[in-house]
Amino acid sequence: MTTFKNFIGGKWVPAKSGKTFPDLNPANLEDTVGEFPASDAKDVDAAVAAAKKAFNGWRLTPAPKRGELILRVGEILTRRKEEIAQAMTREMGKVLKEARGDVQEGIDTAWLHGSEGRRLHGFSAPSELPNKAGWTMRVPIGVAGLITPWNFPLAIPTWKSFPALVAGNTIVLKPASDTPHCSHLLMEVFEEAGLPAGVVNLVHGSGGVVGGALVNHPDTRVISFTGSTAVGKGIHADAGRMLKRISLELGGKNAQIVMDDADLDLALEGVLWGAFGTTGQRCTATSRLILHKKIHDEFIHRLIERAKKLKLGPGLDEKNEVGPLINRDRVKAVDEYVKIGKKEAKLLCGGAPATEGALAKGCFYQPTVFDGVKPSARIAREEIFGPVLSVLTVKDLDEAVGCLNDTAYGLSSSIYTKDINNAFYATQELETGIVYVNAPTIGAECHFPFGGVKDTGNGHREGAHPVYEVFTEWKTIYVDYSGSLQRAQIDNRKKGE
Ligand code: NAD
């Protein structure tokens, strides 16, 4: 059994308490990946102190040089892609094809932000006064606390850490305790790439203890969090009181609309991938299917036929299409929602944990579909985060759009239609941060902004350039080379003007 460590100030160290927790394979709970440090506030103090000490040197390292180190990280990730994907499937459960995609997203993110080191643009503008110049530049904020979930155990830490580092911040990463190994591997990659000691730090442990200490530490000036809306609201309150920069990427209750003129084959492939890919454990997963009443019966018939045939099993076996849920607590939570659903709507397939044969050793759940779901039903409104799809029926596009928008969340949406007017109208009216036309609700690319509206976040975006609004401050510089005092708004106006 391997015992893993935290990474603090360039050294691998155990938790100060010496305590550990096990990391289990959700496809087979008898398989333990390793023991990880059950850290506490003292370990967070040490990591933040190391990051603070490293900040000045890193801040003064030219941004193109910082970017080059991230490009080197991308090269190492490329070399280790298969090994990390296999480790991810063992630790998190997603099928190998998807785990490779998760690592690839990290690689793509390295190419994007590594090259951003040579841009990181500010802007200049003419001054209103003669012989005076003005321009802006982005400057780093300081120590960034990064708190990540388990569902994209490599990609999400890279979405946060690469732009944070290219911008000149130092980081302390707190990954989900269900997926510590993937973050351990990312730290190994940072170490091999040659990031200076203290620039990247990793502290394992529970959310309340380690995450809470990071959020409340006076020296973490940025908190970037991805996880549930309930935890995100608490972090917003705590870090907000300390006037920290806070980026929150939270839950979703995403829907796919299928209009009566849609390509039904395409829409069917889309919903199967969106609802049951990653076992429904994506923040962008398709949790609601909104069907035009004219195609309802035919579409449902085809959907159920295919959903029943999906092959469940350990993701390391490439024949399997749907892996396990992340842990037994999630099986219980999904099953609670399914019990509620059985009272609210009509169960068409699935509806129970999958326990045949070797599946009993893991956390498998049958792909589940409910029909006749009312917009007011809890299974239509609350995030389930599992392989459960709620089907609602509508009479026209306006009702479909109203139904899709009738949720507290606003991350991703999709519409399948061949009518160009309906498609454009939907992109205008759907209240989500991401809208897909003739594609499922999942499938974001790292060079576009990622995030949502309403209870999905606090307005920040990851990906692309907007992420630098999270990790930088603007500095505005004025240089007056007139040799005299020039008062803006005053000296360039005549009396009465
Ligand atoms: P979670 O909120 O339980 O945990 C997320 C992270 O926060 C973990 O590292 C956890 O240890 C930590 N944490 C827990 N309590 C904390 C506290 N009190 N203070 C500080 N940190 C704490 O979420 P999860 O179960 O890991 O992930 C699933 C959720 O994440 C879903 O709601 C999903 O929609 C959301 N998610 C959102 C996005 C997005 O970009 N919008 C992406 C992926 C997942």
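Since every read-out is calculated from the coordinates, none of them should be taken as a lab result. What you are looking at is a predicted structure, and each value in this text was computed from that prediction instead of being measured. Methodologically, a virtual Cβ is constructed for each residue, glycine included, from the backbone with ideal geometry; neighbour enumeration extends over all protein chains shown.
A few points about this structure:
Yes or no, residue by residue, for (1) out of contact with any helix residue (DSSP H, G or I) (no Cβ under 6 Å at 6 or more places or on another chain); (2) within 13 Å of the ligand (Cβ to nearest atom); (3) assigned to a helix (DSSP H, G or I); (4) of a type in the set (Phe, Trp, Tyr):
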position	(1), (2), (3), (4)
Gly208	yes, yes, yes, no
Gly212	yes, yes, yes, no
Val231	yes, yes, yes, no
Ile235	no, yes, yes, no
Ser247	no, yes, no, no
Gly274	yes, no, yes, no
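- Among the residues making up region 283-311, a single one is within 16 Å of the ligand (Cβ to nearest atom) and out of contact with any helix residue (DSSP H, G or I) (no Cβ under 9 Å at 6 or more places or on another chain): Cys283.
- In region 361-388, residue nearest to the chain's Cα centre (by Cα) [restricted to those that are closer than 26 Å to Phe424 by Cα and not charged (D, E, K, R)]: Ala380
- The set of residues from region 304-335 being more than 25 Å from the chain's Cα centre (by Cα) and part of a helix (DSSP H, G or I) comprises Ile304, Glu305, Arg306, Ala307, Lys308, Lys309.
- At least 2 residues being more than 16 Å from the ligand (Cβ to nearest atom) is the threshold, and among the strands (runs of 3 or more DSSP E) wholly inside region 404-497 those reaching it are 412-416, 472-480.
- Counting only residues that are over 15 Å from Ala275 (Cα atoms) and either surrounded by fewer than 21 Cβ atoms within 10 Å (Cβ to Cβ) or in contact with a Cys (Cβ under 9 Å, 6 or more places away or on another chain) (or both), region 287-298 holds 6 of them.
- Within region 56-80, considering residues that are surrounded by 15 or more Cβ atoms within 10 Å (Cβ to Cβ) and small (Gly, Ala, Ser), the one farthest from Gln104 (Cα to Cα): Ala63
- Evaluating Arg245 against the criteria (1) more than 30 Å from Leu291 (Cα to Cα); (2) within 18 Å of the chain's Cα centre (by Cα); (3) buried (at least 21 other Cβ atoms within 10 Å of the Cβ); (4) not aliphatic (A, V, I, L, M) leaves one unmet condition, (3).
- Flag for Ile257 being away from the ligand (no atom under 11 Å from the Cβ) and closer than 13 Å to Asn458 by Cα: no
- Restricting region 218-227 to residues that are more than 20 Å from Ser413 (Cβ to Cβ) and within 10 Å of the ligand (Cβ to nearest atom), the residue that is surrounded by the most Cβ atoms within 10 Å (Cβ to Cβ) is Phe225.
- One residue from Val470, Val479 being under 30 Å from Arg138 (Cβ atoms), among the β-branched types (Val, Ile, Thr) and in contact with a His (Cβ under 7 Å, 6 or more places away or on another chain): Val470
- Residue list for region 90-119, restricted to those being closer than 19 Å to Gly274 by Cα and crowded, with 23+ Cβ neighbours inside 10 Å: Met92, Gly93, Lys94, Val95, Ala99, Asp102
- Flag for Asp329 being free of Cβ contacts under 8 Å to residues at least 12 places away in the same chain and of a type in the set (D, E, K, R): yes
- Hey, Ala164 of a type in the set (A, V, I, L, M) and closer than 13 Å to Met88 by Cα or not: no
- Test: residue in region 367-375 that is of a type in the set (S, T, N, Q) and buried (at least 22 other Cβ atoms within 10 Å of the Cβ): yes
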